[in-house]
1. Within the range 99-124, restricting attention to residues that are touching a helix residue (DSSP H, G or I) at 6+ places or on another chain (Cβ under 6 Å) and in a loop (DSSP other than H, G, I, E, B), which residue is surrounded by the fewest Cβ atoms within 10 Å (Cβ to Cβ)?
2. Tell me which of these Q96 doesn't satisfy, since it passes every other one: (1) loosely packed, with under 12 Cβ neighbours inside 10 Å; (2) at pLDDT below 85.
3. Could you count how many residues in the range 136-150 are open to solvent by less than 40 Å² (accessible area, probe 1.4 Å) and assigned to a helix (DSSP H, G or I)?
4. Assuming V21 fulfils every condition listed in (1) part of a helix (DSSP H, G or I); (2) at pLDDT 90 or above; (3) open to solvent by less than 80 Å² (accessible area, probe 1.4 Å) apart from one, which condition is it?
Amino acid sequence: MHPLRKNRPLRRIVLAGAATVSTMVLLLSLKPHTTPAPETTSATSPSVSSGSTAPARTRSGTVTGDTVQTRWGPVRVRVTLQDGRLTDVNAVDHPQGNPRDQEINSYALPRLRREALAAQSADIDMVSGATYTSDGYRRSLQSALDSAGL
């Protein structure tokens, strides 16, 4: 007769418990797959359209931020300044490759715009469900504000 089939149920319980604990330790020690952080492309430099020829310290005019590559596509923001205050913010590039992207951005971009105009900075809240776009929007907005010297 097999040793585990005798009157020793406690041995089976201990072995099953040890196997379960070992399996859990192995599963918890695995590292989850992480996607690399989106990077700002350096191929497109910010463009400044204002009355002056110097790109730094723009107090009035239009400044376009860097294009930020996100998981779902590029995001690029253009800001309009009047006497050092944000008067308008537009996303000139944003993910729109499929109907889901269009649906998400139809509600996310107006919220991000309102947040930026209210905060007068890139210190804005993310939009739930549009995390990648929100992050790209904030980073491009910050680069435009940096280019304007704000």
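The values are calculated or read from the model by the stated rules, or taken from the named source; none is laboratory data. Since the model is a prediction, treat every value here as computed from it, not as a measurement. A quick note on method: Cβ atoms are made from the backbone with ideal geometry, for glycine too, and the neighbour counts reach across all protein chains shown. The area values use the complete protein model at the heavy-atom level, side chains included, leaving out ligands, DNA and RNA. Shrake-Rupley method; radii C 1.70, N 1.55, O 1.52, S 1.80 Å.
1. By that ranking, first place goes to I124.
2. Of everything listed in (1) loosely packed, with under 12 Cβ neighbours inside 10 Å; (2) at pLDDT below 85, Q96 misses just condition (1).
3. 8
4. The single condition V21 does not satisfy is (3).
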